[in-house]
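Peer 1: Please find one structure pasted underneath; my questions will follow.
The values are calculated or read from the model by the stated rules, or taken from the named source; none is laboratory data. The shown structure was predicted, so the numbers you read here are calculated from the model rather than taken from an experiment. Neighbour counts run over all protein chains shown; Cβ positions are idealised from the backbone, glycine included. Accessible surface areas use protein heavy atoms only, side chains included; no ligands, DNA or RNA. Shrake-Rupley method; radii C 1.70, N 1.55, O 1.52, S 1.80 Å.
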Amino acid sequence: MASSSSSGLTFKLHPLVIVNISDHYTRVKSQMNPPLTSTSSSATVINNNTNGVEHHQQAPRVYGCVIGVQRGRTVEIFNSFELLYDPSTHSLDRPFLEKKQELYKKVFPNFYILGWYSTGSDAQESDMYIHKALMDINESPLYVLLNPSINHAQKDLPVTIYESELHVIDGIPQLIFVRSSYTIETVEAERISVDHVAHLKPSDGGSAATQLAAHLTGIHSAIKMLNSRIRVLHHYLVGMQKGDIPCENSLLRQVSSLLRRLPAIESEKFQDDFLMEYNDTLLITYLAMFTNCSSTMNELVDKFNTAYDRHSRRGGRTAFI
């Protein structure tokens, strides 16, 4: 791999691409490595200590296409979408790629596939397979590589853009990856949106973490109170059984009625009804969240149009989108 590119192209990368790649990697990693319970974690630690070997699961790699425009010698990367690629067989899902390309063409007719992206610390030899597979769409695709590992000493973005160049190595012409420099480019709408999202706060002025902590504290207090009352009831029944406390039939009937309801909670019908109600609650929550986000975005657009409308004094209005 050569040190730097000699093509003379200027690359401009938009923040949305970096966010998409990071989100893609985070979702895939979360699905491959679900959170471990304390029991399973302890068992894993014990086994590893017993064998004297530490097992580190290999970080997943994700793949996708980057799209944008090229004006002369300037290449501007605006967006990206995921790809279905099998690294073991080096097979690319062509129908999926063509369908995605067709959908993006309807929304962004001026955007073209400029190359592809992946994650990792450095470009690998196997990356050339997918690179060559995309050459029928773009004869000189670019390669955007995001390094997901955390390095606190690094101040630059962990993103590298590669181009492919034909070099003669040991008398054999070969395609190799060469590094290219880039700059971060943002438009006014992106800057306002990113800044607005970064400073989002609940309506009461508190932070989201504070609201979550208060909610979890309330649930914990309720469970603690329920546990304490169950303990009081248990001690009362034990004392009544030993004869230390006089028998009270009205209380025993209430306890019996409560206990008869417990087996119904473990039935299959209860589980189905519970899951259905739980899913409905989640759906309503998601819809409410989407509605809130849409309302906030509409307010932001109205404020932007009001602030930057040059014809507002004459009664005109220029739409932002």
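Peer 1: Near Lys303, which lysines are there with a Cα under 18 Å away, not counting those fewer than 8 places off in the same chain?
Peer 2: Those lysines meeting the cut-off are Lys201.
Peer 1: Among Thr281, Met225, Met240, whose Cα projects farthest towards the positive end of the dipole of segment 212-298, with charges put on the beta-carbon of Lys, Arg (+1) and Asp, Glu (-1)?
Peer 2: Met240
Peer 1: Kindly sort Met297, Met135, Met276 by accessible area of their heavy atoms, largest first, with the probe set to 1.4 Å. Display every interim value, and only then the final one.
Peer 2: Numbers: Met297 85, Met135 55, Met276 120 Å².
From most accessible down to least: Met276, Met297, Met135.
Peer 1: With +1 assigned to the C-beta of every Lys and Arg and -1 to the C-beta of every Asp and Glu, and no other charges, what is the dipole magnitude of segment 223-262 about the Cα centre in debye, to the nearest 20?
Peer 2: Numbers: 7 positive and 2 negative charges, 49 e Å.
In total the dipole reaches around 240 debye.
Peer 1: With a 1.4 Å probe and all protein chains kept in place, how do Tyr85, Tyr104, Tyr129 rank by accessible area, largest first?
Peer 2: Values: Tyr85 30, Tyr104 55, Tyr129 130 Å².
Heavy-atom accessible area, descending, gives Tyr129, Tyr104, Tyr85.
Peer 1: Another question, if that's okay. Report the accessible area of Thr285, computed with a 1.4 Å probe over the heavy atoms of all protein chains in place, in Å² rounded to the nearest 10.
Peer 2: Here the residue's solvent-accessible area equals roughly 80 Å².
Peer 1: So which aspartates and glutamates pass the test for Lys269, namely a Cα distance under 17 Å, with those fewer than 8 places away in the same chain ruled out?
Peer 2: Hits, sequence-local ones excluded: Glu277, Asp280.
Peer 1: 5 Å is the cut-off here: which amide hydrogens, built 1.01 Å from N in the peptide plane, fall below it relative to Val75, excluding neighbours closer than 5 in sequence?
Peer 2: It is Thr10, Phe11, Lys12, by chain and number.
Peer 1: Roughly how big is segment 233-299's charge dipole about its Cα centre, with Cβ charges of +1 (Lys, Arg) and -1 (Asp, Glu), in debye to the nearest 20? Don't skip to the end; give the middle numbers.
Peer 2: Numbers: 5 positive and 9 negative charges, 86 e Å.
Approximately 420 debye in magnitude.
Peer 1: Pull out a ≥ b ≥ c, the square roots of the eigenvalues of the alpha-carbon gyration tensor of segment 68-186, then state rounded if a/c is under 1.5, prolate if not and a/b is larger than b/c, and oblate in the remaining case.
Peer 2: Details: a/c = 1.35, a/b = 1.10, b/c = 1.22.
Cα axes put segment 68-186 in the rounded bin.
Peer 1: Residue by residue, what Karplus-based ³J(HN,Hα) values in Hz, rounded to whole numbers, does segment 107-115 have, using 6.51, -1.76 and 1.60 with θ = phi - 60° and x for Gly and Pro?
Peer 2: Rounded to whole hertz, the list is 8, 10, x, 8, 8, 10, 6, 9, x.
Peer 1: To continue, here is another question. Cα to Cα, under 23 Å, and not fewer than 8 places away if on the same chain: which lysines meet these conditions relative to Lys99?
Peer 2: Hits, sequence-local ones excluded: Lys132.
Peer 1: Now for a separate question. Provide the gained length on full extension for the span Lys242 to Ser91, in nm with one decimal, where the gain is 0.36 nm per separating residue minus the Cα-Cα distance.
Peer 2: 47.0 nm
Peer 1: Working with all protein chains in place, sort Lys269, Lys155 by solvent-accessible area computed with a 1.4 Å probe, largest first.
Peer 2: Greatest to least solvent exposure: Lys155, Lys269.
Peer 1: Classify segment 223-262 from the C-alpha gyration tensor, please: rounded if a/c falls under 1.5, else prolate or oblate depending on whether a/b exceeds b/c.
Peer 2: The shape class here is oblate.
Peer 1: Follow-up. Taking the Cα centre of segment 114-161 as the origin, how large is its charge dipole in debye, to the nearest 20, when only Lys and Arg (+1) and Asp and Glu (-1) carry charge on their Cβ atoms? Mind showing how you got there, number by number?
Peer 2: Working: 2 positive and 6 negative charges, 35 e Å.
It comes to approximately 160 debye.
Peer 1: Additional query: Can you list residues whose amide H is under 5 Å from Ser91's amide H, if they're 5+ apart or on another chain and H is modeled 1.01 Å from N?
Peer 2: Asp86
Peer 1: Amide H to amide H under 5 Å from Leu114: which residues, 5+ apart in sequence or cross-chain, H placed 1.01 Å off N in plane?
Peer 2: Val66, Ile67, Gly68
Peer 1: Each label point is 7 Å from the Cα along the Cα-to-Cβ direction; what then is the distance between the points at Asn292 and His234, in nm?
Peer 2: So the label points at Asn292 and His234 sit 3.8 nm apart.
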